[in-house]
Amino acid sequence: MLEAQRITKDFKSGEHTLRVLKEISFRVESGQFVSIIGRSGSGKSTLLYQLSLLDRPTSGSIVIDGKAMEGLNSEERTQVRLFELGYIFQDYALVPTLSAIENVMVPLLMQGKDNALAVQSATDALTRVGLSDKLSNLPSQLSGGQQQRVSIARAIAHKPKIIFADEPTANLDSESSEMIIDVFKKLNQEGQTIVMVTHEMEYAEKTHRIIRLSDGVIISDEMNKKGKLSNTKTA
Amino acid sequence: MMRSTSSLFQSLATTWKVGLFLAIRDIKRSNIWTTVLIIFIMMLTFLNLIVVRGILVGLVEGSNKAYRERYIGDLILETPRLKQYIEQSPFVISIVEGMPELRAYSARYLTGGVLEAGYREKIKASDSTESVNVIATGIDPAHENQTTHLERYVVAGSYLDPNDIDGVLVGASLLFNYTPVDTPSQRTLKGADIGSKVRLTIGKNVREVTIRGVIKTKVDAVDLRVFMPQQVLRSMLDRSDYSVGEISIVLSDPSLDRVLKPYLLANGVGQYAKVSTFDEGVPRFVKDLIVTFDVLSNIIGSIGLAVAAITIFIVIFVNAITRRKYIGILKGIGVTGSSIQCSYIIQALFYAFVGIALGTCIVFLFLKPYFAANPINFPFGDGILVADAPDVFVRAVVLFIATAIAGYIPARIVVRQNTLDAILGR
């Protein structure tokens, strides 16, 4: 479903080149809940940006559903992000001038859905994350956990093939964090593929598979016995 | 081909739909005072475009109007070059009286003269007296009033009585009390006012007259004249004919001047008089003024437009740059750059539309009626605000287009930035 093939990412700073990712390869199968962990600076977020097409690797290839992404232009990558992928950012990344339902509706409208259908899909998505009573609230009227759940609703509303989550619990208290992980687990149980970056082992242990990164290389890639998750087709 | 056209149309529709969706929420939920300020700026910019030009044009228009209403009329018959008067004046007047669409006319006897004041206080022959060169004008007071409404412009004293053979009306530009200027190029009489005895010399004929009234029309050609009943002036002329110097004609429909000029010429008037429409007869300096003010108003208008474009550019740029992160997020979740740009263009157009609408209301409901009732007092005319609906519409469209461009450029600059850099704020 998702494959990273010898992904390398360099950052240039003046005359120096910093290699953040070093020929990383792995494969995520449909229905997996994968966590990428590592210390700060290990390259885990950078890897997520390459996988989710928010950035272009210096070399290597990302393959989604058998299609290589490196040949796509910006517009085509935008289309892939719009139709195939979902994003959950560390700081929720909601548009402050849009209410909860409107934030969720934006990608649906962009897909060409009419207003009524977008409202229905967004309402369904927000109901799934337990926010059916907060549809009209602006982000500033929601708690951090609620905002992150809106972000999840936005990511799932258009039924993407893969959801990418970048440290989704980093800004939340433990109660809200648990709630978010529970939402992920529930989504995964329904068949949703999720790739999550986290530095909290406690939450990584709730996923199928844990990929450990250090200095831009994978140091371990293990199935997680504690994860107790279903739907995993291939490790 | 059909399919790709349909797909392109659908893509465009989605782009604008999402742009509108984002723009409406942005406007609705942004700080109310910021919105009010932006709209206020747009309104002032629009007023700047309309009012500055409108007053400049209105000034010329006021001067033009004054010449038409207070002196020339819609057609004017003048003494041809190298002649001293309109020959066969009774014949010419009979043609004028028989012309269609005639509302009023005034035949004026004209001659050069000297007006003196202070001669009664002169003790020795060497004592100087005040004197000014004037155009002595003999009129039928009733006809003149029907033609130029001269009585309205009496600022002191009273209008001419046709039977008052000793009374004259003096133009305000000849009296220091009404035009406090006394230079070698423009002399005024300091000691003369209403009731003063003044001496009028025309050729060898001298007559003492009394100033009954002072007129101020803001038309130099009138305000430098001394008016008296026509029989008084005729008695001072060394000729016994009825030959007048000029005839102003007012039509019931001023736009017929171009039709009725050929009528007069066809009836032989051109043999004895120079026939001019108002536009032809208006003095050269007024025509130059129109051209100059037109250039000025275009320059000022262009500067106003540039200021408007820069203002909206800054507003949208600041708006977009402060939301760079959210623009990055929208791009990240699949919203196209075009939709985001549309959203900013729509916002800019909204600010422009409301600003223009308010500005238009102020122009038509307040400023125009106000200036019509209280014209600006310029020395050579009454300044009104000229703002015709078609002209206002054209300027609104130009401002609208400038706003759309000025809104698009900054949005494009911000939208084109790297998505991830925008999201991460780096």
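The values are calculated or read from the model by the stated rules, or taken from the named source; none is laboratory data. Values in this document were obtained by computation on a predicted structure and should not be read as measured data. Every residue, glycine as well, gets a Cβ built from its backbone with ideal geometry; the counts of neighbours run over all protein chains shown.
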Quick check: is even one residue across region B:110-120 surrounded by fewer than 21 Cβ atoms within 10 Å (Cβ to Cβ) and either assigned to a helix (DSSP H, G or I) or within 14 Å of another protein chain (Cβ to nearest Cβ) (or both)?
yes
Suppose we filter region A:123-143 for residues that are surrounded by 17 or more Cβ atoms within 10 Å (Cβ to Cβ) and within 12 Å of chain B (Cβ to nearest Cβ); how many remain?
2
Being more than 14 Å from chain A (Cβ to nearest Cβ), more than 19 Å from the chain's Cα centre (by Cα) and buried (at least 22 other Cβ atoms within 10 Å of the Cβ) narrows it down to one residue among B:L82, B:L102, B:L77; which is it?
B:L77
Of all the residues that make up region B:132-190, how many are acidic (D, E) and within 20 Å of B:I72 (Cβ to Cβ)?
3
Filter region A:24-51 for residues that are within 14 Å of chain B (Cβ to nearest Cβ) and either of a type in the set (A, V, I, L, M) or touching a helix residue (DSSP H, G or I) at 6+ places or on another chain (Cβ under 7 Å) (or both); which is farthest from A:V106 (Cα to Cα)?
A:L47
Please specify each residue of region A:188-221 satisfying the condition of being hydroxyl-bearing (S, T, Y) and either in contact (Cβ under 8 Å) with a residue 24 or more places away in the chain or in contact with a Ser or Thr (Cβ under 6 Å, 6 or more places away or on another chain) (or both).
A:T193, A:T198, A:Y203, A:T207, A:S214
B:N31 being modelled with pLDDT under 90 and away from chain A (no Cβ under 14 Å)
no
Would you confirm whether any residue within region B:208-225 is loosely packed, with under 14 Cβ neighbours inside 10 Å, modelled with pLDDT of 90 or more and assigned to a strand (DSSP E or B)?
yes
A:I163 vs. criteria buried (at least 18 other Cβ atoms within 10 Å of the Cβ), in a helix (DSSP H, G or I) and touching a residue at least 40 places away in the same chain (Cβ under 8 Å):
no
B:T129 being at pLDDT below 90, surrounded by 14 or more Cβ atoms within 10 Å (Cβ to Cβ) and closer than 30 Å to B:F278 by Cα:
no
Here is a list of conditions, (1) within 14 Å of another protein chain (Cβ to nearest Cβ); (2) assigned to a helix (DSSP H, G or I), and B:G334 meets all of them except one; can you say which number that is?
(2)
Against the definition (within 12 Å of chain B (Cβ to nearest Cβ) and either under 15 Å from the mean Cα position of the chain (by Cα) or without any contact (Cβ under 8 Å) to a residue 12 or more places away in the chain (or both)), how does A:L54 come out, yes or no?
yes
Sort out which residues of region B:85-101 are in contact (Cβ under 8 Å) with a residue 60 or more places away in the chain and either of a type in the set (S, T, N, Q) or part of a strand (DSSP E or B) (or both), and write them in order of number.
B:Q88, B:S89
Helices (runs of 4 or more DSSP H) completely within region B:1-77 that count 2 or more residues being in contact (Cβ under 8 Å) with a residue 60 or more places away in the chain and more than 22 Å from B:T292 (Cα to Cα)
B:2-29, B:32-47
I'm checking my understanding of the structure. Among residues of region A:90-107 that are over 11 Å from B:I329 (Cβ atoms) and more than 7 Å from every other protein chain (Cβ to nearest Cβ), which one is modelled with the lowest pLDDT?
A:Q90
Does any residue of region A:170-187 turn out to be within 14 Å of chain B (Cβ to nearest Cβ), surrounded by 17 or more Cβ atoms within 10 Å (Cβ to Cβ) and in contact (Cβ under 8 Å) with a residue 24 or more places away in the chain?
no
Restricting to region B:305-325, name every residue that is over 17 Å from B:I345 (Cα atoms) and either within 13 Å of chain A (Cβ to nearest Cβ) or in contact with a Lys or Arg (Cβ under 7 Å, 6 or more places away or on another chain) (or both).
B:K325
Quick count over region B:190-204, residues being modelled with pLDDT under 90 and either among the aliphatic types (A, V, I, L, M) or exposed (fewer than 14 other Cβ atoms within 10 Å of the Cβ) (or both), is 3
Filter result (of a type in the set (V, I, T) and either surrounded by fewer than 18 Cβ atoms within 10 Å (Cβ to Cβ) or at the interface with chain B (Cβ under 7 Å from one of its Cβ atoms) (or both)) within region A:74-89:
A:T78
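Matching residues to (1) farther than 30 Å from B:E246 by Cβ; (2) of a type in the set (D, E, K, R); (3) in contact with a strand residue (DSSP E or B) (Cβ under 9 Å, 6 or more places away or on another chain):
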position	(1), (2), (3)
B:A266	no, no, no
B:I290	no, no, no
B:R323	yes, yes, no
B:F366	yes, no, no
Report yes if B:F285 is out of contact with any strand residue (DSSP E or B) (no Cβ under 6 Å at 6 or more places or on another chain) and either among the acidic types (D, E) or modelled with pLDDT of 80 or more (or both), otherwise no.
no
For the list (1) under 30 Å from A:L48 (Cβ atoms); (2) at pLDDT 90 or above, I need the number of the one condition that B:F353 fails.
(1)
Do we find a residue being within 30 Å of B:T34 (Cβ to Cβ) and not small (G, A, S) anywhere in region B:376-387?
no
Considering region A:117-149 alone, what residues qualify as being small (G, A, S), over 22 Å from A:K159 (Cβ atoms) and more than 21 Å from the chain's Cα centre (by Cα)?
A:S136, A:S140
One residue from A:A93, A:A118 being crowded, with 23+ Cβ neighbours inside 10 Å, touching a Gly at 6+ places or on another chain (Cβ under 8 Å) and aliphatic (A, V, I, L, M):
A:A93
